[in-house]
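First the structure, in the form of structure tokens, and then the observations on it.
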Amino acid sequence: MVAGAGLAGLRTVEQLRERGAVGRITLIGAETRPPYDRPPLSKKVLTEPDLDPSLQADFAALDVDFRRAEYPFDHLVLATGALPVALPGEGRQRFLRSYDDALALRDLLRPGLRLAIVGAGWIGAELATAAAVRGGQVTVVEAGPAPLASAVGVPVGSQTAPWYAAAGVDLRVGISVAAVQPGGLALAGGEWIAADEIVTAVGVRPATSWLEGSGVRLQNGVAVDAGLRASRPGVYAVGDCAAFDSRRFGRQLRFEHWDVALHAPEVVAANVLGGDEVYDPVPYFWSEQFGRMVQYAGYHGGADELVWRGDPAEPTWAACWLAGGCLVAILTVDRPRDLLQGRRLITACNPVDTARLADPAVPLKSAIAT
């Protein structure tokens, strides 16, 4: 049984079949739609009516029973994902988490629409991009001191603030929302922002509350080991709801990344079938916002140094995080080659020469210290 019919759940099923599993597999989803891809929801689905994000799952070929129900199991894979965080207040607040959410927002985006977005994270920035392109009057309210502050830190996140103004988006940072009210946002300082539509994009929480009291250990999601095994025998977790032991970074981590949902199921499927594989990735994420491709690889939570590669005021640049002289994370803006080579440096764990690392004319692969 696989609980959760997103990319992680479908990939687990596919990997089980590819690796020779012949038993009965049941895939349970919370939505009536079959599995679909989430990244396009805040990107192309908002602007391209004919785009279909469906993952084109062929359940007949996979010999999978897809439904919503409860069943006994020999092995249970938890792939229930995460749910958006709501704000207090009686006003209507929309979210951008499901396909239906994206379709509803796409139909709303129009010239002159007063759209208030709470949260200047990845989703908030991408939605602001789409709404501005459609001629909306967009205001983004962020409680932190800069866009993406909680994701990549203030020094790096603040470099993206000018992108909002250039796109005609009103960005307000360091402001908390007291309540979502009919017709607008009541801010903590007493100010009012009028809006026709409000979208809350302040983050998500693992969809694991239903597991409380089950004996499955919960800690920022379902706590699993390096093989993605939960605390109860026969139970595994994968995707947004799984907090796994990372040997590479020496701590328990949980990522809401498409790349994790794509590749972690390979480990789950192997271990369900008796293997002993380890999931220890260099995480990867990307965002398309305000005409730029922003890519991130690694984990900077334990970094002790930040090195700029190029000038953030220029069209292309990168931020590199080091720990003990080794590259542990990199964020690039329209520098895909740096991302690719940087991810390899993170994997290799080799010390780097910071002077060469900071020079955008030097290939990243040549920044290894000698």
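Check whether at least one residue in segment 305-314 is without any contact (Cβ under 8 Å) to a residue 40 or more places away in the chain, touching a strand residue (DSSP E or B) at 6+ places or on another chain (Cβ under 8 Å), under 20 Å from ASP359 (Cα atoms) and open to solvent by less than 10 Å² (accessible area, probe 1.4 Å), and report yes or no. No. Selection of segment 194-204 for residues being farther than 12 Å from VAL85 by Cβ, assigned to a strand (DSSP E or B) and under 28 Å from the mean Cα position of the chain (by Cα) yields GLU197, ILE198, VAL199. Kindly indicate whether GLY89 is without any contact (Cβ under 8 Å) to a residue 40 or more places away in the chain, in a loop (DSSP other than H, G, I, E, B) and either among the hydroxyl-bearing types (Ser, Thr, Tyr) or more than 27 Å from PHE255 (Cα to Cα) (or both). Spelling it out, it is not the case that GLY89 is without any contact (Cβ under 8 Å) to a residue 40 or more places away in the chain, in a loop (DSSP other than H, G, I, E, B) and either among the hydroxyl-bearing types (Ser, Thr, Tyr) or more than 27 Å from PHE255 (Cα to Cα) (or both). Checking each residue in segment 99-131 for being small (Gly, Ala, Ser) and surrounded by 19 or more Cβ atoms within 10 Å (Cβ to Cβ) picks out ALA102, ALA116, GLY119, ALA120, GLY121, GLY124, ALA125, ALA128, ALA130, ALA131. Looking at the structure I just gave you, is TRP321 over 30 Å from GLU18 (Cα atoms), among the aromatic types (Phe, Trp, Tyr) and not in a helix (DSSP H, G or I)? Here the answer is yes, as TRP321 does meet what is asked.
Residues in segment 326-370 that are farther than 28 Å from GLN289 by Cβ, outside any helix (DSSP H, G or I) and open to solvent by 30 Å² or more (accessible area, probe 1.4 Å): CYS349, ASN350, PRO351, ASP353, ILE368, ALA369, THR370.
Among residues of segment 1-28 that are touching a residue at least 12 places away in the same chain (Cβ under 8 Å), those with a beta-carbon under 7 Å from a residue that is aromatic (Phe, Trp, Tyr) and not in a helix (DSSP H, G or I) at least six positions away or on a different chain give the pairs MET1/TYR71; MET1/PHE73; ALA5/PHE66; THR26/TYR71; LEU27/PHE66.
Considering only residues that are part of a helix (DSSP H, G or I) and open to solvent by 10 Å² or more (accessible area, probe 1.4 Å), look in segment 9-41 and name the one that is nearest to PRO84 (Cα to Cα). Among those residues, the one meeting the criterion is PRO39.
Quick check on my filter: what residues within segment 80-98 are under 14 Å from ARG38 (Cα atoms) and open to solvent by less than 40 Å² (accessible area, probe 1.4 Å)? Within segment 80-98, GLY81, ALA82, LEU96, SER98 meet the criteria. Among the residues of segment 243-287, those that are open to solvent by 30 Å² or more (accessible area, probe 1.4 Å), out of contact with any strand residue (DSSP E or B) (no Cβ under 8 Å at 6 or more places or on another chain) and assigned to a helix (DSSP H, G or I) comprise LEU262, HIS263, GLU266.
The values are calculated or read from the model by the stated rules, or taken from the named source; none is laboratory data. Being a predicted model, the structure only gives us computed values, none of them experimental. Note: ideal-geometry Cβ built from the backbone for every residue, glycine included; neighbour counts use all protein chains shown. For the accessible areas, the whole protein counts, side chains as well, though only heavy atoms, and no ligand, DNA or RNA atoms are used. Shrake-Rupley method; radii C 1.70, N 1.55, O 1.52, S 1.80 Å.
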